[in-house]
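Below is one structure, written out as structure tokens; the observations come after it.
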Protein chains: 2
Amino acid sequence: CQDGTEEEDPWQDEEYFGSYGTLKLHLEMLSDKSRTEAYRQVILSNSASLRSKVVMDLGCGTGIISLFCAQLAQPSAVYAVEASSIAEYTRHLVKQNGCEEVVTVLQGRAEEIELPEQVDILVSEWMGSCLLFEFMVESVLLARDRWLREGGVIWPSSAALTLVPCQANSYYTEKITFWEQLYGLDFTPLHTKASDCTSQPDFNTDRVTPKQRPLAQQEFFTKPMFNHLIEPSDCLAAPCDVICLDMYTLQVKELEEMKGQFHFCVEKSGVFHGFTAWFSVRFDSLETRGTAVELNTGPNSEPTHWKQTLFMLDMPVSVHAGDSISGSIFLHRNPKWRRHMTITLNWNVNSGTEEPDNSQAETKSFPMWR
Amino acid sequence: CQDGTEEEDPWQDEEYFGSYGTLKLHLEMLSDKSRTEAYRQVILSNSASLRSKVVMDLGCGTGIISLFCAQLAQPSAVYAVEASSIAEYTRHLVKQNGCEEVVTVLQGRAEEIELPEQVDILVSEWMGSCLLFEFMVESVLLARDRWLREGGVIWPSSAALTLVPCQANSYYTEKITFWEQLYGLDFTPLHTKASDCTSQPDFNTDRVTPKQRPLAQQEFFTKPMFNHLIEPSDCLAAPCDVICLDMYTLQVKELEEMKGQFHFCVEKSGVFHGFTAWFSVRFDSLETRGTAVELNTGPNSEPTHWKQTLFMLDMPVSVHAGDSISGSIFLHRNPKWRRHMTITLNWNVNSGTEEPDNSQAETKSFPMWR
Ligand SMILES: [Ca+2]
Ligand SMILES: [Ca+2]
């Protein structure tokens with residue numbers, strides 16, 4: 001099988017870097033004003049301190065961050081590192097904008113490129129859905145350990161994953177309630193496991209896989225929904241940071257399994273359809289080492305191209321003000337497919353009005369595949 | 001190579017029927033009120049004539065059309081034929097709605113299933129983007145030749161592909177003009193062939209393929225855009241039917257290469273960015289054999305899940321009221337991959353005010369892949 005080796009690449013680099021070799025993703029990222037302006041603002045607000053500094057822009061894409069450095073500050077050198085074939089164009093863009101004296105484009109993987117010197121600042125836009133998805137962060141950590149000088153700064157400097165229990169009425173209606181009445185007909189056998197005999201595994205055949213059993217609940221609620229935009233009013237409680245990363249001390253091996261706890265106090269009555277997750281990152285000031293800029297991808301900020309990620313429960317639960325939802329989240333990096341992970345949520349709902357042991361622990365695992 | 005045979009299936013049946021084995025596409029089709037109500041209306045308005053008739057519903061999906069027949073008329077039998085694994089659920093839906101006396105679900109390909117009798121009516125929803133895409137129509141023609149009795153009726157009974165020259169300002173701006181000014185930087189080297197040295201093929205390497213040269217024009221305008229919704233005000237001329245199919249006489253071999261002509265009189269000045277195509281189908285009345293119902297997927301009707309298909313020119317052209325745009329369209333079915341085709345447009349623009357030979361013939365081919 002000719003492409004057997006490619007198919008077995010646990011990093012799926014051909015697919016991954018291939019997608020960044022086209023313009024579609026770059027257009028999406030550059031169109032994201034919150035994202036791009038955050039990096040621009042970091043550079044602008046640190047422009048004095050950036051003078052004569054050496055910068056590495058890891059996974060530079062079209063080079064926008066490197067160009068901001070050259071345009072808004074006077075670094076002595078910017079090394080713009082990009083593994084995908086877009087790098088060929090990045091060189092043209094650097095020239096077109098007259099930055100070729102300062103910005104050097106290096107095409108290669110973070111793990112393989114060689115720089116002529118250590119850097120003072122390592123900047124990168126590595127974040128994916130649920131912060132870690134695609135695990136580009138590993139490349140950032142390797143670059144940090146190889147190229148960041150003692151006392152250097154990493155942008156972003158810290159990151160957090162945030163979770164909230166939420167309503168998702170319109171999504172639930174669109175995918176589940178939909179089947180109840182269709183043009184005067186009853187389509188409920190398609191909708192949930194509990195509703196009908198079709199929910200039972202078919203023991204007459206061993207070929208039944210989730211793909212071949214297209215119940216709406218199973219088909220639409222098994223994977224997380226990456227393109228969700230939650231309304232602040234659909235949050236049932238105050239959001240909670242469940243995982244916090246310090247980019248100076250984080251180790252690659254810690255990425256294998258990350259765990260967080262949550263305890264939400266339900267603030268208003270409603271239907272608990274699932275959890276929504278998003279992330280925020282902070283950029284340290286070069287002078288004060290306090291936070292210079294924060295990029296927040298949550299529902300109270302401008303929508304970004306990351307949107308938010310919705311994890312639907314199999315069955316919605318009615319909750320009331322005063323109830324609590326507590327539990328834990330596990331992010332298991334896939335041991336083979338290194339850009340993928342599984343997110344497992346464990347939770348129970350405690351009624352505020354009844355005795356404390358009325359709750360039943362629930363758990364659901366969501367595969368996050370590219 | 002284990003799946004070598006699957007990869008070589010020129011009908012890509014695993015992928016094709018696999019996608020119809022999940023609910024996503026069925027939900028999209030059932031949510032399309034124009035589409036579903038058109039079939040419902042055909043059955044309702046022919047309900048008297050359907051009494052005691054035998055119907056075949058080819059590619060029945062969840063069985064909605066068969067259920068309409070059983071619910072709104074009194075056919076003697078409905079054979080609901082479906083090749084994908086959704087058929088297992090279709091049987092449950094037939095039962096759930098009490099139609100199992102009338103509707104028989106047969107899982108299999110149109111070419112292979114056996115019916116106990118000839119049918120009076122062959123109904124199918126086989127249309128794809130640009131009418132023919134995915135070429136399910138071939139299965140309908142084979143079923144017609146095998147199972148439709150002499151004098152029987154086919155729904156839809158005829159179909160037309162319609163074309164119009166159009167503006168596509170916002171799409172052009174989003175994908176091309178976008179690069180001109182980005183956060184104070186000049187990104188034009190990414191935008192079109194003519195704008196920059198990057199447009200020249202790089203003769204230093206023979207590895208350059210379109211995929212590796214992600215100029216916006218090339219990346220975004222090579223394939224047709226399937227999800228376009230054109231505003232009536234973006235049509236530069238009156239639309240023109242370029243291909244008309246009679247479902248009673250159409251032959252499978254005619255699908256290999258279909259040709260149409262067009263001559264548009266530009267009605268208002270504007271920018272000619274491309275052509276937009278859509279289709280309409282008509283359903284004969286069982287009694288009068290005149291048209292009972294028409295389903296039109298164009299810009300003057302309610303949007304459908306098919307939307308319209310946009311074919312962008314490489315470079316926009318200014319046109320004025322009184323100009324004419326004439327030429328031809330070829331639909332070449334892919335000789336190997338039987339669900340795919342290439343659409344080639346040939347056109348020239350003639351100024352209404354200058355001598356008639358000022359025009360230059362242009363041509364562009366668009367691959368239509370699944
Ligand atoms: Ca990213
Ligand atoms: Ca279709």
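Readers should treat all values here as calculations from the given coordinates under stated rules, not as data from a laboratory. Note that the structure is a prediction, hence the values are computed from the model and not measured. FYI the Cβ positions are ideal-geometry reconstructions off the backbone, even for glycines, and counts take in every protein chain you see.
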Open item on the list: Among the listed pairs B:Lys24/B:Lys175; A:Lys24/B:Lys364; A:Lys95/B:Lys364; A:Lys223/A:Lys336, which have their C-alpha atoms separated by more than 25 angstrom in this model?
Closed with: B:Lys24/B:Lys175; A:Lys95/B:Lys364
Open item on the list: Skipping prolines and chain starts, which residues have an amide H placed within reach, meaning under 5 Å, of the one on B:Leu182, given they are 5 or more residues away or on another chain?
Closed with: B:Phe187
TODO: Distances from B:Pro10 to the same position in the other copies: list them in nm, one decimal, shortest first, using label points 7 Å from Cα along Cα→Cβ.
DONE: 4.2
- [ ] On a C-alpha basis, how far is the centre of segment B:106-147 from the centre of segment A:215-272 in Å? Whole number, if you could?
- [x] 47 Å
TODO: Can you list the distances in nanometres, one decimal and ascending, from the A:Asn346 label point to the identical position in each other copy, with the point 7 Å along Cα to Cβ?
DONE: 7.0
TODO: Return the inverse of the average 1/r over all pairs of distinct C-alpha atoms in segment B:1-108, which is the Kirkwood hydrodynamic radius, in Å to one decimal.
DONE: 14.8 Å
Task: Inter-site label distance for A:Lys33 and B:Asn300 at 7 Å from Cα along Cβ, in nm - done: 3.8 nm
- [ ] Return the FRET efficiency for the residue pair A:Asn334, B:Glu150: r is the Cβ-Cβ distance, R0 is 51 Å, and the value is rounded to the nearest 0.05.
- [x] 0.25
Open item on the list: Which of rounded, prolate or oblate describes the protein assembly as shown when judged by the alpha-carbon gyration tensor and an a/c cut-off of 1.5?
Closed with: oblate
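Once a ≥ b ≥ c are taken as the square roots of the eigenvalues of the Cα gyration tensor of segment B:253-339, is the result rounded (a/c under 1.5), prolate (a/b larger than b/c) or oblate (a/b not larger than b/c)?
Details: a/c = 2.01, a/b = 1.35, b/c = 1.49.
In terms of gyration-tensor shape, oblate.
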Task: Whole-Hz ³J(HN,Hα) from phi, Karplus 6.51 cos²θ - 1.76 cosθ + 1.60, for segment A:163-173, glycine and proline x - done: 10, 8, x, 8, 8, 8, 4, 6, 5, 5, 5
TODO: Determine the relative contact order of segment B:38-187: mean sequence separation of Cα pairs under 8 Å and six or more apart, normalised by residue count, in whole percent.
DONE: 20 percent
- [ ] Count the net charge of all other residues whose Cβ sits under 10 Å from the Cβ of B:Arg146, scoring Lys and Arg as +1 and Asp and Glu as -1.
- [x] -2
Open item on the list: Assume the label is 7 Å from Cα along Cα to beta carbon: what separations in nm does B:Glu37 have to the matching positions in the other copies?
Closed with: 4.1
Open item on the list: Below 8 Å between Cα atoms, with a sequence gap of 6+, how large is the relative contact order for chain A in percent?
Closed with: 17 percent
Open item on the list: Run the simple label-point estimate for B:His263 and B:Ser326 please: 7 Å along Cα→C-beta, distance reported in nm.
Closed with: 0.4 nm
Task: Residue among A:Val119, A:Val54, A:Val317 with the largest mean-square fluctuation in a Gaussian network model of chain A, springs linking Cα atoms under 10 Å - done: A:Val317
Open item on the list: Taking θ = phi - 60°, what integer Hz values does the Karplus form 6.51 cos²θ - 1.76 cosθ + 1.60 yield along segment B:43-53, in sequence order, with x for Gly and Pro?
Closed with: 5, 4, 6, 10, 4, 5, 5, 7, 4, 6, 8
Task: Net charge dipole size for segment B:254-316 [Lys, Arg +1 and Asp, Glu -1 on Cβ; Debye, nearest 20] - done: 220 debye
- [ ] Give the Rg/Rh ratio for chain B, taking Rg as the radius of gyration of the Cα atoms and Rh as the Kirkwood radius, to two decimals.
- [x] 1.02
- [ ] Starting at the first residue of segment B:228-238, write each ³J(HN,Hα) from the Karplus equation 6.51 cos²θ - 1.76 cosθ + 1.60 with θ = phi - 60°, in whole Hz, x for Gly and Pro.
- [x] 7, 10, 7, 7, x, 6, 8, 6, 8, 8, 6
- [ ] Name the residues whose placed amide hydrogens come within less than 5 Å of the amide hydrogen of A:Leu313, ignoring near sequence neighbours (fewer than 5 apart) on the same chain.
- [x] A:Gly274, A:Phe275
- [ ] Multiply the residue separation of A:Leu229 and A:Trp11 by 0.36 nm, subtract the distance between their alpha-carbon atoms, and state the gained length in nm to one decimal.
- [x] 75.6 nm
